Amino acid sequence: EPEVTQTPSHQVTQMGQEVILRCVPISNHLYFYWYRQILGQKVEFLVSFYNNEISEKSEIFDDQFSVERPDGSNFTLKIRSTKLEDSAMYFCASRRLAGAYNEQFFGPGTRLTVL
Amino acid sequence: KQEVTQIPAALSVPEGENLVLNCSFTDSAIYNLQWFRQDPGKGLTSLLLIQSSQREQTSGRLNASLDKSSGRSTLYIAASQPGDSATYLCAVRSTNAGGTSYGKLTFGQGTILTVHP
């Protein structure tokens, strides 16, 4: 069964460093998302991406964040200068089509630890 | 702004019991509602999706209901098993002012379920 994959599973970085989190959505999916979950807190929406552009973003998704679909398969989240409070589990999700009957499928997550 | 609340926060039951998890949301202008399962340190597994026009959706031992006007959904798990132990998350996809949706999900904080043998 097709699934969303994410790499790396765990990333440790120093405060101020740039990180790139990678996702491979399900191959025939058209809508892509990033969410994050700080330990013990709710899963929070970051950004949605369709047709090579951001369709919606949250207040969390400031100028330090960017997303890209560099080729036909990868979808990346870049954090330019990491802060301690960026430590969280980051989930990528994808959805095939528009319409209310289409589920979002989530990847296993990347645990980001900022020291 | 959509807010999603789940009760109870935690539930511990003996194997074989039928149980109900509750989810409420503040804005009834929703596109659909999705229930997920999350195992410790893992990703989210989609269990059921209910469209805003539906009242109920079933998959195996799981049954989810939706009452959009009152802002409530329930997840019913029949004949619980130890393998059902996980955190169950409810997530709502809301419509925007134009009646469309880009797919943003708003999550509840989850119900931690423990089923003991």
A:Val24-A:Gln41 pseudo-label distance in nm [points 7 Å out on the Cα-to-Cβ vector]: 3.1 nm
Alpha carbon centroid spacing (whole Å) that separates the range A:20-65 from the range B:71-117: 19 Å
Greater than 19 Å apart at Cα, pairs in A:Lys78/B:Lys1; A:Lys57/B:Lys104; A:Lys57/B:Lys1: A:Lys78/B:Lys1
Inter-chain Cβ neighbour average for residues A:34-47, partner chain, 10 Å: 3
Shielding of B:43-53 by partner chains, average beta-carbon count, 10 Å: 4
Estimated FRET transfer efficiency when R0 is 30 angstrom, pair B:Asp27-A:Thr5 (beta carbons, to 0.05): 0.35
HN-Hα J in Hz across the range A:16-22 - Karplus 6.51, -1.76, 1.60, θ = phi - 60°, x for Gly and Pro: x, 7, 8, 10, 10, 9, 10
For B:102-114, mean number of other protein chain Cβ atoms within 10 Å: 5
Under the Karplus curve 6.51 cos²θ - 1.76 cosθ + 1.60, θ = phi - 60°, whole-Hz ³J(HN,Hα) for the range B:70-86, x wherever Gly or Pro sits: 9, x, 9, 9, 10, 10, 9, 10, 8, 6, 4, 10, x, x, 7, 4, 4
Under 5 Å, built H, 5+ apart or other chain: amide partners of B:Tyr31: B:Arg93, B:Ser94, B:Thr95
Vicinal HN-Hα couplings computed from phi for the range A:54-66 (Karplus, 6.51 cos²θ - 1.76 cosθ + 1.60; Hz; Gly/Pro x): 6, 9, 7, 9, 8, 5, 5, 6, 8, 5, 6, 9, 8
Amide H contacts under 5 Å for A:Met15, placed H, 5+ residues apart: A:Leu115
Calculated FRET efficiency for the pair A:Asp62/B:Thr58, C-beta based, R₀ 41 Å, to 0.05: 0.45
Amide hydrogen neighbours beyond the local backbone of B:Lys104, cut-off 5 Å, H modeled: none
Pair B:Ser69, B:Thr95: separation of 7 Å Cα→Cβ label points (nm): 1.6 nm
Lys, Arg +1 and Asp, Glu -1 on Cβ, resulting dipole of chain B about Cα centre, debye, nearest 20: 340 debye
Ellipsoid equivalent to the protein assembly as shown - semi-axes via the Cα gyration tensor, in Å: 29, 21, 16
Burial ranking of peptide ranges B:54-60, B:44-50 (average Cβ count within 10 Å, highest at the top): B:44-50, B:54-60
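Where a number appears in this text, it was derived from the coordinates with a stated rule and is not lab data. These numbers were taken from a predicted model, which means no experiment stands behind them. Methodologically, a virtual Cβ is constructed for each residue, glycine included, from the backbone with ideal geometry; neighbour enumeration extends over all protein chains shown.
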